[in-house]
């Protein structure tokens, strides 16, 4: 990963995905990107593994022959 963090905020995830913050919110609300909020807080937290999983799934959709071997 470009950022050396285990938990990302929406702006960091948007940067890595090449989309807007709003696009990240849409992915979260559609269930395509797993994220959570701490109790009594408004900011979304996106685990690095969740972002990797989403990116791997997108890569597989675009080109099944390049699916990562985990």
Worksheet item: If you scan region 38-57, which residues turn out to be surrounded by fewer than 13 Cβ atoms within 10 Å (Cβ to Cβ) and assigned to a helix (DSSP H, G or I)?
Response: 49
Worksheet, complete the sentence: Listed by first then second residue, the pairs whose first member lies in region 20-31 and is on the phi < 0 side of the Ramachandran plot and in contact (Cβ under 8 Å) with a residue 24 or more places away in the chain, whose partner is buried (at least 16 other Cβ atoms within 10 Å of the Cβ) and not in a loop (DSSP other than H, G, I, E, B), with beta carbons under 9 Å and at least 6 positions apart or on separate chains, are 27/13; 27/17; 27/54
Worksheet item: In region 17-37, is there at least one residue being surrounded by 14 or more Cβ atoms within 10 Å (Cβ to Cβ), modelled with pLDDT of 90 or more and assigned to a strand (DSSP E or B)?
Response: no
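The values are calculated or read from the model by the stated rules, or taken from the named source; none is laboratory data. Just so it is clear, the structure is predicted and the values come from calculations on it, not from any experiment. So basically every Cβ, Gly included, is an ideal-geometry build from the backbone, and we count neighbours across all protein chains shown.
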